[in-house]
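Here's the structure we're looking at; comments come further down.
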Amino acid sequence: MRILVVEDDREVADYVARALEEEGNTVNTCFDGRAGLRAAQSSPFDVIVLDVMLPFLDGLEVTRRLRAGAIATPILLLTGRDSALDVVRGLDAGADDYLTKPFSFEVLLARLRARTRPSHAGVMLRYADLVIHLETHEVWRGYTPLSLTPTEFALLECLIRSAGRVVTRQRLIETVWGMNPVKTTLQDVFLKLVEDYEGAG
């Protein structure tokens, strides 16, 4: 993906840009709202990661101007504010998603993937003879359909998307259960099954 990151905290901007580039993306970085607006208006991007509190123009105004100019690039807002009113203002301005600081990079990456899928309809992921359909949540092993719970499906999707790379327990927890999950015995059972399967493989 080609991603525009607009963030006035240079340490955060550099961290996000480096991490996204390590995932194979091309990243342009701006450090104020005015520069971010110009960049988004002059070049095509797959997604924009936009801080709300910015010099010159804040993220909400940048979003409004982009939408007024018929630029439909998905926008994910980053902010330290998490009140319901702040979320509503961001979405009403035309943003597609909202992520509060501090945030997990894995969650940010998952949100970006979700926002840049043109449509789930007909989209499938494959690994060897395993196929999962993102719209219908059907799973096939060769010609055999598999019946999975929503949690099992989410775990499998995370693993297939990371095929060939190590997936940590923490990443699975954050992707499937969120940043602050309530620890349960059932969660341990799911993760133990994954660990046993990977160990056997």
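Readers should treat all values here as calculations from the given coordinates under stated rules, not as data from a laboratory. Not measured: the values here are computed from a predicted model. Quick reminder, even Gly has a Cβ in these numbers, built from the backbone with ideal geometry, and neighbours come from all protein chains shown.
Taking a ≥ b ≥ c as the square roots of the Cα gyration tensor eigenvalues, with a/c under 1.5 meaning rounded and otherwise prolate when a/b beats b/c, else oblate, which class fits the range 2-116? Note, shape of the range 2-116 comes out rounded.
One decimal place: the segment residue 34-residue 100 gains 21.6 nm when fully extended, by the rule 0.36 nm per residue minus the C-alpha distance. Panel order for 32, 129, by other beta carbons found within 10 Å of each beta carbon, from fewest to most: 129, 32. Ordering 162, 43 from the fewest to the most neighbouring beta carbons within 10 Å gives 43, 162. Among the chymotrypsin sites (Phe, Trp or Tyr not before Pro) in the range 62-154, those placed in a DSSP loop whose Cβ has at most 10 other Cβ atoms within 10 Å are 143. What the Cβ-Cβ distance of residue 8 and residue 170 gives, at R0 = 25 Å and to the nearest 0.05, is a FRET efficiency of 0.30.
Using 0.36 nm per residue and subtracting the Cα-Cα separation, the extra length available between residue 134 and residue 70 on full extension is 20.1 nm. Annotation for the range 10-79: GluC sites (Glu not before Pro) lying in DSSP loop with at most 15 further Cβ atoms inside 10 Å of their Cβ are 23. Legend: ranking of residues 172, 156 from fewest to most surrounding C-beta atoms inside 10 Å; resulting order 156, 172.
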